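Data first, discussion second: the structure below is written as structure tokens.
The values are calculated or read from the model by the stated rules, or taken from the named source; none is laboratory data. Note that the structure is predicted; figures quoted are calculated from it, not measured. With ideal geometry, Cβ positions are generated from the backbone for all residues, glycine too; neighbour counts draw on all protein chains shown.
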Amino acid sequence: MHHDDRVIAGVILAALIFAWKLLVISASSTFRPDGVKVYTVKGQLFFGTMSAFIGLFDYAGDPERVRIDFTHSNVWDQSAVEAIARVVHRYQQQGKSVYVIGLNPESQETLDRGFS
């Protein structure tokens with residue numbers, strides 16, 4: 001294998017690892033003393049992670065009040081806005097309130113455009 005081949009292979013591997021990291025979205029949850037459940041989302045929310053994001057939550061088992069914290073995440077596109085809307089709707093169908101918090105300015109702007 002020539003030096004150029006190894007460089008190309010390294011670039012391809014790095015691109016694959018980067019793409020894989022983009023496709024991973026997760027959430028950890030904690031309870032505040034007042035009983036509110038807070039989900040902290042980590043990863044990028046876009047069309048490629050939409051389904052996984054919707055599946056992160058325990059709609060029936062969660063308490064009456066839920067917060068979804070995007071401090072460690074970004075909302076990239078209209079698919080992400082749709083995913084958030086679906087999550088909010090599912091909680092509302094259960095008679096629960098959910099608030100989205102911690103959006104950076106770019107993510108807030110994407111969300112605002114999506115709901116206007």
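So, in the stretch 65-74, exactly how many residues are touching a Lys or Arg at 6+ places or on another chain (Cβ under 8 Å) and more than 13 Å from ARG32 (Cα to Cα)?
Adding up the residues that qualify gives 2.
Pairing residues of the stretch 34-59 that are assigned to a strand (DSSP E or B) with residues that are at pLDDT 95 or above and of a type in the set (A, V, I, L, M), at Cβ distances under 6 Å and at least 6 apart in sequence or on separate chains, gives LYS37/VAL66; TYR39/ILE68.
In the stretch 71-92, which residues are assigned to a helix (DSSP H, G or I) and either in contact with a Ser or Thr (Cβ under 6 Å, 6 or more places away or on another chain) or free of Cβ contacts under 8 Å to residues at least 24 places away in the same chain (or both)?
Of the residues in the stretch 71-92, the ones assigned to a helix (DSSP H, G or I) are 78-92.
Answer for the stretch 71-92, where residues must be assigned to a helix (DSSP H, G or I) and either in contact with a Ser or Thr (Cβ under 6 Å, 6 or more places away or on another chain) or free of Cβ contacts under 8 Å to residues at least 24 places away in the same chain (or both): VAL88, HIS89, GLN92.
Within the span defined as the stretch 15-23, one or more residues are modelled with pLDDT under 85 and charged (D, E, K, R).
Taking the stretch 57-78, which residues are crowded, with 18+ Cβ neighbours inside 10 Å and modelled with pLDDT under 95? Passing the criteria: PHE70, SER73, VAL75, TRP76.
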